[in-house]
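Chemist: Have a look at this one before I ask anything.
Every read-out reported here was derived from the displayed coordinates using simple, explicitly stated rules and does not represent laboratory data. This is a predicted model, so every value here is computed, not measured. We place every Cβ from the backbone using ideal geometry, glycine too, and count neighbours over all the protein chains shown.
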Amino acid sequence: MAIQWSLKIYLAKNHQIYSVTELQKIIVKKTGVVISVANLCKYVNSRPKMIRLETALVICSALECDLSHFLSITPTKMNPEKKQKLSFKNTPKNKIAVSAFPSPSDYKSTTDL
């Protein structure tokens with residue numbers, strides 16, 4: 001999957017924002033949410049491996065734009081023969097989820113309390 005992340009270019013072209021602190025001030029002024037300069041640097045200077053939807057919402061709200069203005073995802077042909085598992089690479093074995101989904105009958109209902 002081709003992921004195009006161009007927040008830095010979008011900020012410069014559409015909002016004339018060239019520094020992370022300037023972006024942080026706009027976000028705080030328009031949304032009241034403080035995103036750390038360190039995190040904003042990661043989002044502006046390189047493509048993040050992951051971004052919380054709430055963070056994307058705050059950035060888009062402050063800039064009055066859609067996520068598609070600086071993020072595009074183009075599907076690529078994937079090989080179904082090659083099995084891949086998307087998971088955290090460094091998860092300790094004792095923290096890996098159980099193989100069977102728990103039965104709802106194992107939990108007390110709120111009426112039982």
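Chemist: Collect the residues in the stretch 43-64 that are of a type outside the set (S, T, N, Q) and within 14 Å of Leu23 (Cα to Cα), keeping them in residue-number order.
Modeler: Tyr43, Val44, Ala56, Val58, Ile59, Cys60, Ala62, Leu63, Glu64
Chemist: Shifting gears a bit: Name the residue that is surrounded by the most Cβ atoms within 10 Å (Cβ to Cβ), counting only residues in the stretch 35-77 that are charged (D, E, K, R) and either farther than 14 Å from Ser6 by Cβ or touching a strand residue (DSSP E or B) at 6+ places or on another chain (Cβ under 8 Å) (or both).
Modeler: Within the stretch 35-77, the match that is surrounded by the most Cβ atoms within 10 Å (Cβ to Cβ) is Lys42.
Chemist: Would you check which residues across the stretch 1-18 are within 18 Å of Pro48 (Cα to Cα) and not charged (D, E, K, R) and list them?
Modeler: Within the stretch 1-18, Met1, Ala2, Ile3, Gln4, Trp5, Ser6, Leu7, Ile9, Tyr10, Leu11 qualify.
Chemist: For the stretch 7-19, which positions are surrounded by 14 or more Cβ atoms within 10 Å (Cβ to Cβ) and in a loop (DSSP other than H, G, I, E, B)?
Modeler: Ile17
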